[in-house]
Amino acid sequence: MSTWTKLIAVVALALGLLAAPGTASAAIVITNSNAGSWQALSVTPTASADFAFSGTQTFTVSTAPTNSVLVVNYTQVAQSNAGNDLNTTVTWNGVPLTRAINQVSANTSAIYAEIFYLFNPTAAVNGSLVVSSSGRDAVWNAYTLSGVNTFLAPTTFGKDTNSNTSTLTTAASTPGGAFASIVGAWRTGTSASGYIGASGPSILKLWTTTGGTDASPIMSSVGAYIPSTAVGATTITQTASTNGSRNELAVAIFSALPNGLSTWSVGGSGSWNVGSNWGGSLVYHQPDRSVNNHARRPDYPEFTPTRR
């Protein structure tokens, strides 16, 4: 195995990318949240067309730990389902968030359920969370998490049904101790309530609306989460009480940081460890430049991993 192969393998292990499925994980916790509230925006008093819009929500991200993520649950109703979701952008104090999933109904007068995220957001008091899109109504909510493995993108699952019940099952490879962000939206001819439930761990609600903000309420939505997933697949069901056509459900699962990997560093000459099983050292070597001084080759590292 070459020196660089060792380097890549060891760093990947140190970041938890090669952690075994049974590796114990630290708990993911919500650090900032406007639970129970949401930002709603209506852009037209009629149900005939889509309009460009932009809305700002004031939000606070406290002193951000290294392993944190800002999550935005977003729902929208639009006349069109042809690319409106791709028009949606979310920024935190000007920094764009990444779309984890966009779940949209196949029927027109479309319903959208989307999740956006930003790893290690900059801390700010009363910062600006700006959403821009094209549609008729939008509702969104935000929170931050700590203890997240920010080297792994979230795994996502989505479901579109034309009935009152929408059900999806996460992958059998879902790790234990992960955080499942859940957002649901459904078409409601009139204001209606609904709920999200799961066959596995209890699901906690952050917020729920009882109708869209349009002149004729046509959307209800909910944001929820599983704080610590069980190992393996979990079934999540969303049930709308009335007119469940365009029933959208989206899930993004953020992995926890494995125990023992919360901090690590490599300096010019340093040490690293993964739990109590591995140790090693990193040393930078300077090549002999006396022979051909004009060939300024960079320093190169050498890893010496040892198993305890």
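The values are calculated or read from the model by the stated rules, or taken from the named source; none is laboratory data. Note that the structure is predicted; figures quoted are calculated from it, not measured. Note that each Cβ is placed from the backbone with ideal geometry, even for glycine, and that neighbours are counted across all protein chains shown.
Reported count of residues in the stretch 117-176, each being touching a Lys or Arg at 6+ places or on another chain (Cβ under 9 Å) and at pLDDT below 90, is 6.
Residue by residue, here is whether (1) out of contact with any strand residue (DSSP E or B) (no Cβ under 6 Å at 6 or more places or on another chain); (2) of a type in the set (Val, Ile, Thr); (3) at pLDDT 80 or above holds:
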{"position": "ILE30", "(1), (2), (3)": "no, yes, yes"}
{"position": "ALA49", "(1), (2), (3)": "yes, no, no"}
{"position": "ASN84", "(1), (2), (3)": "no, no, no"}
{"position": "TRP92", "(1), (2), (3)": "no, no, yes"}
{"position": "VAL95", "(1), (2), (3)": "yes, yes, yes"}
{"position": "SER109", "(1), (2), (3)": "yes, no, no"}
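For THR66, are the conditions met, namely being within 19 Å of ILE218 (Cα to Cα), modelled with pLDDT of 80 or more and not hydrophobic (A, V, I, L, M, F, W, C)? So THR66 does not fit the description; no. Within the stretch 119-158, the set of residues being touching a Leu at 6+ places or on another chain (Cβ under 8 Å) and among the basic types (Lys, Arg) is empty. For ASN107, are the conditions met, namely being in a strand (DSSP E or B), touching a residue at least 24 places away in the same chain (Cβ under 8 Å) and either surrounded by fewer than 22 Cβ atoms within 10 Å (Cβ to Cβ) or not hydroxyl-bearing (Ser, Thr, Tyr) (or both)? Here the answer is no, as ASN107 does not meet what is asked.
Going through (1) hydrophobic (A, V, I, L, M, F, W, C); (2) closer than 28 Å to THR239 by Cα; (3) in contact with a strand residue (DSSP E or B) (Cβ under 6 Å, 6 or more places away or on another chain); (4) surrounded by fewer than 19 Cβ atoms within 10 Å (Cβ to Cβ) one by one, ALA123 falls short only on (2).
Would you check if LEU86 is of a type outside the set (D, E, K, R) and either assigned to a strand (DSSP E or B) or touching a helix residue (DSSP H, G or I) at 6+ places or on another chain (Cβ under 7 Å) (or both)? Judged against the criteria, LEU86 is not a match. Of the residues making up the stretch 133-147, those that are under 25 Å from ASN87 (Cβ atoms) and in a strand (DSSP E or B) number 10.
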